[in-house]
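Remarks on the structure that follows.
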Amino acid sequence: MSSLSSLRPAPNCKETSKIELEIVELTPALRAFARRFLRSEDDIDDLVQETLLKALNSLHLYKPGTSLKSWLFTILRNTFCTNYRRQKREPAGMDAAMEQVAIAPTQEWVLRERELQRALTFLSDDRRRALTLVAAGTSYEDAARMCGCRIGTLKSRVSRARECLAQMLGNHLVD
């Protein structure tokens, strides 16, 4: 029998309107309570608004006769905790936006690659071959063997090729 007495009917329209008025009257108390968690007035407003929205959507779950203030404070605290956990998992705001925006444009590099390819055609065959082998990651010893020259000669060819490219391209590609 005691389990039946704990079941209460959902509040009727008149009771719902009365509860909604009490919620409006408790809004300043909710704002004061939210200040314990947040400092920014905008964040406080957002938290209180989200709390009020959740409370009004869940009004059918409120048990008349219990403390409405405690019920609202519990919703506010739980909402804050949920938002806090979400913010820890997901970067938000300006930092996340800056990470996405800070991607270098590829068009400029495509143009520079074309300039470099064109400039390479003006190099002598031995300098071009020495430079491309070394730039591709081939060791100086292996590149010298492939070019049929000594390591010192290969290093000179690479150095001269870099100097020529730097002059042709205005020093902004070859460093």
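The values are calculated or read from the model by the stated rules, or taken from the named source; none is laboratory data. What you are looking at is a predicted structure, and each value in this text was computed from that prediction instead of being measured. Ideal geometry is used to build each Cβ from the backbone, glycine not excepted, and the neighbour counts take in all protein chains shown.
Would the range 44-63 turn up any residue that is in the same structural domain as ALA29 (by TED's automatic domain parsing), acidic (Asp, Glu), out of contact with any helix residue (DSSP H, G or I) (no Cβ under 6 Å at 6 or more places or on another chain) and over 16 Å from GLU20 (Cβ atoms)?
Kept after step one, since they are in the same structural domain as ALA29 (by TED's automatic domain parsing), are these residues of the range 44-63: 44-63.
If we keep only those that are acidic (Asp, Glu) as well, we get 45-46, 50.
If we keep only those that are out of contact with any helix residue (DSSP H, G or I) (no Cβ under 6 Å at 6 or more places or on another chain) as well, we get 45-46.
Checking which are over 16 Å from GLU20 (Cβ atoms) leaves us with 45-46.
Within the range 44-63, one or more residues are in the same structural domain as ALA29 (by TED's automatic domain parsing), acidic (Asp, Glu), out of contact with any helix residue (DSSP H, G or I) (no Cβ under 6 Å at 6 or more places or on another chain) and over 16 Å from GLU20 (Cβ atoms).
Which ones in the range 121-163 are assigned to a helix (DSSP H, G or I) and closer than 20 Å to TRP109 by Cα?
Across the range 121-163, the qualifying residues are LEU131, THR132, ALA135, ARG162.
Cβ contacts < 8 Å: first residue in contact (Cβ under 8 Å) with a residue 40 or more places away in the chain and closer than 19 Å to GLU22 by Cα, restricted to the range 71-85; second residue assigned to a helix (DSSP H, G or I) and of a type in the set (S, T, N, Q), any location; separation 6+ or different chain. Result?
Once the first residue is in contact (Cβ under 8 Å) with a residue 40 or more places away in the chain and closer than 19 Å to GLU22 by Cα and sits in the range 71-85, its partners that are assigned to a helix (DSSP H, G or I) and of a type in the set (S, T, N, Q) give LEU72/THR51; LEU76/THR51.
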